[in-house]
Structures are given as structure tokens and as C-alpha cells.
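See structure below.
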Amino acid sequence: MRILLISPNTLIVPYPVYPIGLDYVAGCVSADHQVKIADMNILSLAALEEILQDFFPEIIGLSCRNIDNTDAGDPLFFISEYRELVVWLRERSRAVLVCGGSGFTIMPERVFAALGVDYGIIGEGERFGLLVDGMQKGLEPTQIPGVISAFSSPETPEPWTGKQMRAFQRHASHIGFYLKKGGMLNLQTKRGCSFNCIYCPYPNIEGKRHRLAHPDEVARTAMDLQEAGAKYLFITDSAFNSDLAHSLAVANAFKAAGLSIPWGGFFAPLRLPPDYFTIMAAAGLKHVEFGTESMSAAMLATYRKPFGIDEVFTAHKQAQEAGLHVAHYFLMGGPGESPATVTESLDHIERLNRTVLFFFVGIRIYPGTALYDIALDEGKITPETDMLEPVFYEAKRIDRDAIKALVTARANKRINWILGSGDARSAATVRKMYDRGYSGPLWEFLAG
């Protein structure tokens, strides 16, 4: 069968993100079928129409990586654009339309209804391979766990335990876009999240237990990306160091394989061995992005973070002493937030030197999370509330505007204190730097 996989995501702020998910979806399709990837970051609708006419796909897979940008300060809702694309495709193709991805899995019933596709895949994309083989044999796709249609009930399947095969096509036309716009390609070392943060849908998407890729396999993929021209690798794990031993094994595998390009990822500021970041730096790590979320003891407990304020300061110091660039991300406005907890956080944040601070005020409420249950109990939402368009939690004792005012006043125009992902001016600056040959996330140039 002829299969077209489409990445509709065109958001490039703060930087373009390579559609790694479609590599894995392509990798799960047997060699009996033809697979082509269409990335809307490089294609116009006219170019996509040419592909439809020339390739004449029988199945079109549509990636729904994000429902929205989760930023209450500058909310962007993507489902409407995806719906327009589905309507456009229907007018030009008789292919079976299938949607999946992390965004789809968060609210499969609602996204499925909004898009009007033929089938949806809940959970990991490897089930797409089973769907393709089943359709070729004339079998009913909804018999596959996680596959839904308009005539079936959505049930979340168990995390995928089969083979994970990434089909990275180094000569594919869309690769060049990412190499020119920052040189960043991405890498996954494990799936699943063992943390219990109240707001995060990751455990519902990938499961709560880690499924670890073999470090040597990760290193081989990293070398493939480097040989394809990547200048920087970003590790997409929810927290690279959530399995400490595995993260060290991957770093050592990078070093043994001869990886020479820098890399970065999200880390939790956990209690770490004293030489942890020294080992990481020796393996090429350059950027540490801490998902710190708060520097109030009460709020860290509310968020169910597996660390405290002391651990944040220690991890920050260890990373800096290893010569790494450090950033912290904060989520403000959760249950129990107040002027006192915001002030406590800001007072502690002042002590985080030579770093970049990203503040997100307002937390997106996702079904299936503890935050959703809290919002229900507090009467902020009801079971009938449509959660597809962004709904953000509002603390009882302080609203988002008041939090922003406190952060803005404390920032006092310091460029390393950033509300959200940055404004249009900072995005334009990043684009110019990429055009001049810079690579990587580049936020280190804002560090105070």
C-alpha cells in the first residue's frame, strides 16, 4: 500500500522541532508498503497536492503532536488548522485518513470528532503498522487495541511492548530545513515517565514505567544523525535523568561511539552523584533544561515534584561547575499558589545565577491528570466542560495577571527572565542567528 505521513506542525517558536514521531511510525510499516513523509514546514498546499496526484496514497497518516502550545500568555490552538487540512485532503484524495500522536492520545474522542478522520490511534504510533497490515488483509482495524473509529469506544491500550524502529531517512527533503534552521535533530532514549506530577499527561501517553532503549542503539542513532549533518541533538525524553543509571550509560555510549556534536535535554533537579554533570559534559552535553516548576516548598509538594529547593540549588551548582549552560522552567499559578508562594519562589530564583529563567503563568488542564480532578473538586470545571480548547487552572488566592505583575516587576527588564517562550522579537533574533550559522537552542546568549 502507498502511505503518506503528514506532519502538519508549522510552529517554529522558539525553534523548529523535527517530527521524530513520524520516523518511528514509518519504521513500524513493513517493507511491503511504500512510505513517504510530507512535512508542512517545507511544503505549500500546492506542493502537497502534487504529492497526492503523483504518489496517490491509499492511507494518509496525520500527526497530532500538540493540541495547543500550553501557553496561557499567548495561547495557540492547532486543532482548527488540522481540521482545515483534513477537509482539504478529503476534497483531493480518497485515501483512508488516520490520526495519532501525543496530542491525539490526550483527548482521543474529542480530537477524533473535531478532525473527522476515519481512524485514530491512541498511544504510541507503532500500532499504525498493525493497522496498515490489517487493512491490506481486509480486517477490521478497530480490533487492534488503541485503534478507534466513529463506531467504536476509545480505550487506552497498554504501553507498546513491541519493537521500536526509527526509520530516519537522511536524504529526505525535509531534513535540510532543520539543518539550516538551527541544525537540531532529536533523539529518544526511553519512553514512559515514572514521576507523578499533577499536571502532566506524559504517563497517560507513554505509561508510567520506563522502557529503555539500549544505550548502544541510542548512540548508533546519534551517530547517524551526526553523519546526516546534525550540528546539535536534543533528547526528547520527558526527563533524561529520570533513570539515572540509564542516562549515564547513554552518555558513556555517546563518548565511546565518538559523538562530536553537542546535545541537550530536559533534566529533573534531583539529588545526583557529585560527578554526574561532569560525566555528562565529557560526553558532549552542553545545555541543561531543568523542569523546576517552582521554588516554593509548598508548591513543589503540591505539584508532587520528586525534589526540593535544596536539590534544585545543588543540581544547578553541579551543572554550572561542569561548564554547562543552565535554564530553569517554572509553572506558576497551580493549586495553592498565593502572593506568598510566588514571592518565596522569586526570592529563591534570585539566587540562581548565570542562567535563563522561563516563566509560564497558568497551567493547562488535561483530562486524566490529578490537576483535572482538583479542578473538578473545586468547581472550576464540570464533567461537561469541553477541554479541547485550552482551559487553564486559576488559583484561588492570586490570578494570572497578578502573578505576571510580580514576575515582571522582579525581572526588572533583565533579559534572562522570560515570560513564556519569548516574544516575536526574540523569535526574530533566533532566526537571524540561525541564518548566520549558529546552531542549538541559543538561549545561553541571554544568561545573566
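We did not get these values from a lab; they are worked out from the coordinates using the rules stated. These figures come from a predicted structure and were not determined experimentally. We place every Cβ from the backbone using ideal geometry, glycine too, and count neighbours over all the protein chains shown.
Computed values, structure above
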{"quantity": "Shape category assigned to segment 19-75 from the gyration tensor of Cα positions, a/c cut at 1.5", "calculated": "oblate"}
{"quantity": "Along each principal axis, Cα extent of segment 161-224, largest first, Å", "calculated": "38, 26, 17"}
{"quantity": "Added length on full extension, which subtracts the Cα-Cα distance from 0.36 nm per residue, residue 297 to residue 167", "calculated": "42.4 nm"}
{"quantity": "Mean Kyte hydropathy of 0.0 or more with a Cα span along the axis of at least 30 Å, helices from DSSP in the chain", "calculated": "none"}
{"quantity": "Gyration tensor over alpha-carbon atoms, the chain, equivalent ellipsoid semi-axes in Å", "calculated": "35, 27, 21"}
{"quantity": "Entries of 231/413; 231/255; 190/255; 208/305 with Cα pairs more than 23 Å apart", "calculated": "231/413"}
{"quantity": "Proxy reagent accessibility, fewest Cβ within 10 Å first, across 33, 214, 171", "calculated": "171, 214, 33"}
{"quantity": "Cβ-based exposure ranking for 303, 18, in which fewest neighbours within 10 Å come first", "calculated": "303, 18"}
{"quantity": "Size descriptor, Kirkwood hydrodynamic radius, that averages inverse alpha-carbon separations across segment 1-112, Å", "calculated": "14.7 Å"}
{"quantity": "Stokes-Einstein translational diffusion, segment 381-440 - Kirkwood Rh over all Cα pairs, 0.692 mPa s, 37 °C, in µm²/s", "calculated": "218 µm²/s"}
{"quantity": "Hz values of 3J(HN,Hα) by residue in segment 325-333 - Karplus curve (6.51, -1.76, 1.60), Gly and Pro given as x", "calculated": "7, 10, 10, 10, 10, 10, 10, 10, x"}
{"quantity": "Potential lengthening between residue 50 and residue 34 on full extension [0.36 nm per residue; Cα-Cα distance subtracted]", "calculated": "4.1 nm"}
{"quantity": "Charge-dipole axis of the chain as Lys and Arg at +1 and Asp and Glu at -1 on Cβ define it, positive-most pick from 45, 146, 130", "calculated": "45"}
{"quantity": "Per-q log10 I(q)/I(0), segment 183-446, q = 0.10, 0.15 Å⁻¹ (Debye; single scatterer per alpha-carbon; no solvent)", "calculated": "-0.54, -1.19"}
{"quantity": "Burial ranking of peptide ranges 324-335, 247-258 (average Cβ count within 10 Å, highest at the top)", "calculated": "324-335, 247-258"}
{"quantity": "Size of electric dipole in segment 2-148: Cβ of Lys, Arg +1 and of Asp, Glu -1, about Cα centre, debye, nearest 20", "calculated": "240 debye"}
{"quantity": "Only Lys, Arg (+1) and Asp, Glu (-1) charged, at Cβ; the chain dipole about Cα centre in debye", "calculated": "1120 debye"}
{"quantity": "Contour minus Cα-Cα distance for residue 321 and residue 150 (0.36 nm per residue)", "calculated": "56.0 nm"}
{"quantity": "Sites residue 76 and residue 384 - FRET efficiency at Förster radius 25 Å, r taken between beta-carbons, to 0.05", "calculated": "0.50"}
{"quantity": "In nm, spacing of pseudo-spin labels at residue 179 and residue 68 (7 Å Cα→C-beta vector)", "calculated": "3.8 nm"}
{"quantity": "Diffusion coefficient, µm² s⁻¹, Stokes-Einstein with Kirkwood Rh over alpha-carbon pairs of segment 310-448 at 37 °C and 0.692 mPa s", "calculated": "193 µm²/s"}
{"quantity": "Two-site FRET efficiency, residue 431 against residue 113, from Cβ-Cβ distance with R₀ of 30 Å, rounded to 0.05", "calculated": "0.25"}
